[in-house]
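The values are calculated or read from the model by the stated rules, or taken from the named source; none is laboratory data. Keep in mind that this is a model prediction, so the values were computed, not measured. Backbone-built Cβ (ideal geometry, glycine too); neighbour counts: all protein chains shown.
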Amino acid sequence: MATKKTFLILMSLCMTLYFASLNQAIVISQVLYDPVGTENGGEAIELWNENDTLIDISGWTIKSRSSEVDATIPQGTLLFPGDYYLIADVGWNTTKDNASWRAADHEEALTLANTDAGVALKNGSRVIDAVGWGSVVDQDLFEGMPSNGTGQGKSLHRLQDTNNNLADFAIETPDFFERSSSTQEIVISIPVEEEGAEVGIESIALTDDLPEQGVQILPLAGQERLISVIANISGNETSEVSVEIEGSFINLSEEQPGIWAGVIPFSYTNPAGTYEIVLHASTPSESAELNSSFEWLSLLALDIDTEALQFPRSNPGDILRVLGDQDGRTSSAPTIKNIGNTILNIGLSATRLSDGIQSFPSEQIICSLDNDFGSSLSLVLEEEMQVIERSLSPGEVTPLGMEVHIPQSASSGTLRGSTLVTAVGAS
């Protein structure tokens, strides 16, 4: 009697959320792999957001010669424009070569080789940036030509970004000193003089998320942002203060003499751009106005209502399907929602299907954004990301269907794999 082979397919869905398109760069700015002191606690890798947009680097990893995942950046890690992020060996704060260097943003046991090696910054299977030194075999660990080795106590320091390590990095004294951060909230005050009026607007302060000139405000993915407004009003008989935006008026309340405050509720779906506001203050006989504005920044983000799918038991040659829907509450029928304010396309990639003994290519998986696995909104998945041009509007949802082809050569077991779903800005 023939033996019947059966399989259980487990598929995890991974979501990546960006505040910029994938072409926006986080780069490796500095690497110290051969400290003067101990190798255990003295190694460090510094990242830099060289772009003008906020980027979520949660879950990104560092690959080294000795480890595919040498470090993993914690969830909830956002890198603001111009900011640096320091990954260092466990014990960095007590064993670093220079006690005046800043504390690490993240400590994890690093295993950086001193010769013929490199490091890569990865998001899933995609290499974001890499720097190698000496003779490097792994193509993931360098760009162009590897840099020269540093020698003990020196670091590789980025000078430029031409995708050629030999030209882009110089051997220098490490510089891990405290750097200015752009993550603090800044209050912008605008003084106004009102001669001869019974009421005057002395200043107005708005929520401000970035240090650049003017007021920049970041949307909250899938949520309403409450923009704080604080106004300093002169005049003993002021009876009403309000702020006008997009034709709507929001009343402020007097928190203490002369200080009026309130919030502007602002939906994440509002398009990026400059928004004008007018502050109105009045007494029974006089009134004053002050014009101001803020920049509502671009947010590229998506949400999936499913973290994992379990397919039914199957046999060699079977084709299994899970159909998506447009209901974000049904985890067994995946749904993608645009929770940003930018029209987006959907990037898809997958790992191989494996049970630890047998392994099959990611091409066994097809994803569809309309449950028609032969349409233009479908893809045969690869390990490298491909993009479906869906043009999903802010707040819009789309189904995510999955089709898995079981090879005729498969043996009994539980196959596991992951699919990475990425928000990509529509051009």
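State whether the residues of the range 34-50 include one that is touching a residue at least 24 places away in the same chain (Cβ under 8 Å) and within 21 Å of GLY425 (Cα to Cα).
Yes, the range 34-50 contains at least one residue that is touching a residue at least 24 places away in the same chain (Cβ under 8 Å) and within 21 Å of GLY425 (Cα to Cα).
Grab the strands (runs of 3 or more DSSP E) fully contained in the range 41-156, keeping just those with 2 or more residues being among the charged types (D, E, K, R).
In the range 41-156, the matching strands (runs of 3 or more DSSP E) lie at 126-133.
Identify, by number, the condition in (1) touching a Phe, Trp or Tyr at 6+ places or on another chain (Cβ under 6 Å); (2) assigned by TED's automatic domain parsing to the domain that holds LEU353; (3) free of Cβ contacts under 8 Å to residues at least 60 places away in the same chain that ASP305 doesn't meet.
Going through the list (1) touching a Phe, Trp or Tyr at 6+ places or on another chain (Cβ under 6 Å); (2) assigned by TED's automatic domain parsing to the domain that holds LEU353; (3) free of Cβ contacts under 8 Å to residues at least 60 places away in the same chain, ASP305 breaks only (1).
Looking for something over 26 Å from the mean Cα position of the chain (by Cα) and over 30 Å from PHE249 (Cβ atoms) - is there at least one such residue anywhere in the range 285-307?
No - not one qualifying residue is present in the range 285-307.
Taking the criterion of being closer than 28 Å to GLY413 by Cα and either assigned by TED's automatic domain parsing to the domain that holds THR269 or not in a loop (DSSP other than H, G, I, E, B) (or both), would at least one residue in the range 328-337 satisfy it?
no
Does the range 380-390 contain any residue that is within 16 Å of ILE319 (Cα to Cα), surrounded by 14 or more Cβ atoms within 10 Å (Cβ to Cβ), touching a Ser or Thr at 6+ places or on another chain (Cβ under 9 Å) and modelled with pLDDT under 95?
Looking through the range 380-390, at least one residue is within 16 Å of ILE319 (Cα to Cα), surrounded by 14 or more Cβ atoms within 10 Å (Cβ to Cβ), touching a Ser or Thr at 6+ places or on another chain (Cβ under 9 Å) and modelled with pLDDT under 95.
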